[in-house]
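Below is one structure, written out as C-alpha cells; the observations come after it.
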Amino acid sequence: MNPVAKLLIVSGVVLIVIGLFWQFGGRFLPLGRLPGDIVVEKENVRFYFPIVTCIIISILLTLGSYLFRLFK
C-alpha cells in the first residue's frame, strides 16, 4: 500500500478516536473549560480562547511524539 494512503488512514482513525474521546470524555475531563481559558462575553458577542487547554494538548502531543521517537 502507498505510504501516503497509510498515513491518511491512520490520521483519520486517530482523529475519530480523539473526537469520540472529546465527545464522551468531556463529562469527566473539562477540556475547553479549564481555569485560565479566556472568555469575554458582551451584549451579543462571545469571544472564547482556550489557552490553557491548548497548552495541555501541546504538552501531551509533545510527550507522545517524544516517546514515539524514543521507542522507534
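The values are calculated or read from the model by the stated rules, or taken from the named source; none is laboratory data. Predicted model, so just to flag it, every value in this text is computed and none were measured. The protein model used for the area step is the full one, side chains on, heavy atoms only, and it has no ligands, DNA or RNA in it. Shrake-Rupley method; radii C 1.70, N 1.55, O 1.52, S 1.80 Å.
Close amide H pairs (under 5 Å, H built 1.01 Å from N) link residue 37 with 52, residues at least 5 positions away or on another chain. Taking the protein heavy atoms of the chain in the context of the full set of protein chains, the accessible area attributed to carbon and sulfur is 73 percent at 1.4 Å.
Report the relative contact order of the chain, percent, no decimals, based on alpha-carbon pairs under 8 angstrom and at least 6 residues apart. Over the chain, the number comes to 18 percent.
Helical content of the chain, expressed as a calculated mean residue ellipticity at 222 nm, amounts to -21500 deg cm²/dmol (DSSP H runs of 4 or more residues, -39,500 (n - 2.57) each, divided by residue number, nearest 500). Compared with the dominant principal axis of the Cα atoms in the chain, helix 3-25 is inclined by about 40°. Entry comment: accessible area of the chain is 92 Å² per residue, from protein heavy atoms only and a probe of 1.4 Å.
The smallest convex shape that holds all Cα atoms of the chain, its convex hull, gives 137 Å³ per residue. Working note: Karplus 6.51/-1.76/1.60 with θ = phi - 60° gives region 60-67 the couplings 5, 5, 5, 4, x, 5, 5, 5 Hz, where Gly and Pro are set to x.
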